[in-house]
Amino acid sequence: MKKLVLILCLFPQILFAQGSFTVVAVGEAELQKEKIGVLVENEGSLNLSQRQKLKTIVDTIKSDFDFYRHLFEVTNTNQNNKKENDILLNLVIGKSGSQFLLNLEVIKIKENKTLLENKLPINFNNPRSFAHNVADISYRALTGKESIFKSKIIFTSDRGSRGQDLKKELYIMDFDGARKQKLTNLNSLIISPALSQDNSKILYSLIGNRRKKRSNGTGFQTIKNINLHMLDLNTKKTKVISNELGINSGAVFNKKGDSIYLTLTRQKNADIYKMNLATGAKKKITNHFSEDVDPHINADESLMTFLSGRPGKAMIYTLDPTGVEKKVKRISFVGDFNAAPRFNPEGTEIVFSSWVDNRFDIYRVSSDGKNLVRLTKNFGSNEEPWYSPDGQFIVFTSQRVITRKRAVQDVYIMNRDGEIIKKITQNFGKIYTPRWSN
C-alpha cells in the first residue's frame, strides 16, 4: 500500500483503472486583430554596441506582442508604411547628460490619438528586462490590463542527470524562455513546485531521509521519505515545512500566503490537508478511502479542485474547503484518467490533462463541470498545464518521441483556446511541472 501511494503522488496518472473516454472538439478563437508596428527614431546617436542592444530591445518588444496574436498582428514597420498600422509604438532616442532616454509614444494611427507618452532611461545593461517593461507599459496603455511580459516561469529539469541516475533541479526563466537560472543544486529529485502569490517563495517536495521506529521496538531505522520544503527567493534559504512519515507533497499556497494545501499519507492512503504556516497546524479537507491528491485552490478559497480515485480511476473533483468532504462534486468524465487540475486566476475554469488515445492531451472545463473543451490534439503527449497570471495563456510540457530510445520534453505556451503560440525551451533536458508566476 505504501508503494502504491508513493507512485500515486509522483505519477498519479498511472494508478487508476482504465475506462471509456470521450473526444470533444478543439477550441477555436475568432477575434479581430489590430496591426501594431514598432518604429525607432534617432538611433544614429548610439554607438555600435548600443545599437545592437537596441535591436534586442525592439525584437523583444515585437516578440512580446506576438504572444497576444489573438489581439495584435505585429508588422515590419518603417517611415514609409507606418500609417498602414492601427497602432504604432514610436521609440524616439534622446539624451539627458550622459544618460540615453527612450521617449515612448503609443499612438492609435487611424484615430490620430496618442494614448501614452513616457520618457524612460534606457537600460543597456539589461536590454531584455527593459524591453519587457516597455512592452508592458504599452500593453497597459492599449488595453487597460496587465500583460504577461514581466512574468516568470519556474520548472524542473533533468539536465544534470547521468544515465540511470535521474536528478531534477529547480529553475526559473522569463515567460518567453529566456534567461534561465538554476535555483537549486540538491543532487536529488525535486517534484511539485508551487509559487506563493507574491512570487517570493517556492514550495517543492524532495526525497530525503527520516528516522522511523523499528516495528520490533529495537530503536530506529533510517528510511526514505518525501518531505515538503520551502525556498525563499529573497534570502535563498530553504527549510522543511512538513516531514511526516510518508508523503508530504503536491502543495500550493493560498492567496494570502499564510496557509498551504498539501497531500499527506497520515492514514496510509492519501488525503488533502490545509496547513497553517505560522503554527504548523493541519486541518483535514478530504476523508475518503480512495486516494485524493494534487489540490489547487481558487483566489477566495471557496473552491478547491483535486485529483481523486473515487470512481476507480483518477478524475477531477471540486469541493468547498471550509469543511471536511463538503460539497464534493466530480467534474471530469473524459479519458481513461486525468491529472494536474489547475484553476484560472478568476477561478471560473479548470485546465487539466487527460489520457486519451494512448497519450495525454489538455482540456479545460468550467469550474461547475460544464463547457468541456479539448485544447490539444495530435501534438505529442501534453501534460502539466498552468494558466498565465492574466488567464489568457496556458503553459504546458509536450513530449516528442524521437527514436525508440530517445524522447524530448519541452515547454510550450498556447492561448486558452488551444492555439499553440511558441515553444519556449529547447536542449535543456527533459522539463517537468512548469508553473507561471502570479
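The values are calculated or read from the model by the stated rules, or taken from the named source; none is laboratory data. Since the model is a prediction, treat every value here as computed from it, not as a measurement. Positions of Cβ are generated from backbone atoms using ideal geometry, with glycine treated the same way; all protein chains shown enter the neighbour counts. For the accessible areas, the whole protein counts, side chains as well, though only heavy atoms, and no ligand, DNA or RNA atoms are used. Shrake-Rupley method; radii C 1.70, N 1.55, O 1.52, S 1.80 Å.
Only Cα pairs under 8 Å and at least 6 apart count here; give the relative contact order of the range 153-268 as a rounded whole percent.
Details: 255 pairs, mean separation 20.1, N = 116.
About 17 percent, as a whole number.
May I ask for the net charge around T114, where only other residues with Cβ less than 12 Å from the Cβ of T114 are counted and Lys, Arg are +1 while Asp, Glu are -1?
Working: positive: K108, K113; negative: E105, E111, E117.
Neighbour charge sum, excluding T114 itself: -1.
With +1 on each Lys and Arg Cβ and -1 on each Asp and Glu Cβ, how big is the dipole of the range 359-438 about its Cα centre, in debye rounded to the nearest 20? Working shown, then result.
Values: 14 positive and 8 negative charges, 97 e Å.
Using only the charged Cβ atoms, the result is roughly 460 debye.
Using unit Cβ charges (K, R positive; D, E negative) and no other charged atoms, how large, in debye to the nearest 20, is the dipole of the chain about its Cα centre?
The dipole of the chain has a size of about 1940 debye.
Mind checking which aspartates and glutamates have their C-alpha under 19 Å from K95, skipping anything on the same chain fewer than 8 residues away?
Within the straight-line cut-off, K95 pairs with E41, E43, E105, E117.
Rank by packing, highest mean first: peptides 232-240, 328-336, 85-93, with packing defined as the count of other Cβ atoms within 10 Å averaged across residues.
On the way: 232-240: 11.2, 328-336: 19.0, 85-93: 20.9.
Taking the mean over residues of other Cβ atoms within 10 Å, the ranking is 85-93, 328-336, 232-240.
Please report, in debye to the nearest 20, how large the charge dipole of the range 94-154 is about its Cα centre when each Lys and Arg carries +1 at its beta carbon and each Asp and Glu carries -1 there. Could you put the intermediate results ahead of the total?
Numbers: 10 positive and 5 negative charges, 18 e Å.
The dipole magnitude comes to about 80 debye.
Carbon and sulfur: what percent of the chain's accessible surface (1.4 Å probe)?
Working: 9420 of 20400 Å².
Ligands and nucleic acids excluded, carbon and sulfur reach 46 percent.
How large is the Kirkwood hydrodynamic radius of the range 339-407, in angstrom, based on all distinct alpha carbon pairs?
Values: mean 1/r = 0.0795 Å⁻¹.
Over the range 339-407, the inverse of the mean reciprocal pair distance is 12.6 Å.
Does anyone have the angle between helix 127-143 and the longest principal axis of the chain? Alpha-carbon axes, 0 to 90°, nearest 10?
Compared with the principal axis, the helix lies near 80 degrees.
Below 20 Å, Cα to Cα, which aspartates and glutamates can K213 reach? Residues fewer than 8 away in the same chain don't count.
Of all the aspartates and glutamates, those that pass the test against K213 - Cα under 20 Å, at least 8 places apart if same chain - are E244.
Taking square-rooted eigenvalues a ≥ b ≥ c of the alpha carbon gyration tensor, is the range 24-178 rounded, prolate or oblate, where a/c under 1.5 means rounded and, failing that, a/b exceeding b/c means prolate? Each step should come with its number before you reach the end.
Details: a/c = 2.48, a/b = 1.35, b/c = 1.84.
In terms of gyration-tensor shape, oblate.
Among the listed pairs K268/K326; K180/K239; K119/K236; K145/K255, which have their C-alpha atoms separated by more than 27 angstrom in this model?
Values: K268/K326 22 Å; K180/K239 24 Å; K119/K236 35 Å; K145/K255 20 Å.
Check vs 27 Å cut-off fails for K119/K236.
Sorted by accessible area (1.4 Å probe), largest first, how do K152, K255 line up? Walk me through the numbers before you get to the answer.
Values: K152 65, K255 110 Å².
The ordering from most to least exposed comes out as K255, K152.
Residues with amide H under 5 Å of S381's amide H, sequence separation 5 or more or different chain, H placed in the peptide plane at 1.01 Å from N; which?
Counting only residues 5 or more places away or on other chains, the set is Q399.
Restricting to Cα pairs below 8 Å that are 6+ residues apart, what does the relative contact order work out to for the range 112-195? Please round to a whole percent.
About 19 percent, as a whole number.
Would you work out which of S215, I190, N133 lies farthest towards the positive end of the dipole of the chain, given +1 charges on the beta-carbon of Lys and Arg and -1 on that of Asp and Glu, about the Cα centre?
Towards the positive end, the residue furthest out is S215.
Rounded to whole Hz and in sequence order, give me ³J(HN,Hα) for the range 358-368 from the Karplus expression 6.51 cos²θ - 1.76 cosθ + 1.60, θ = phi - 60°, writing x for Gly and Pro.
Karplus-based 3J(HN,Hα) across the range 358-368 equals 6, 7, 8, 10, 9, 10, 10, 8, 5, 5, 8 Hz.
Angle between the Cα long axis of helix 48-67 and the longest principal axis of the chain, 0 to 90 degrees, nearest 10?
So the helix axis and the longest Cα principal axis differ by about 60 degrees.
Among rounded, prolate and oblate, which fits the range 194-290 when a ≥ b ≥ c are the square roots of the eigenvalues of its C-alpha gyration tensor, a/c under 1.5 means rounded, and a/b larger than b/c means prolate?
Working: a/c = 2.55, a/b = 1.45, b/c = 1.75.
It comes out oblate by the Cα gyration axes.
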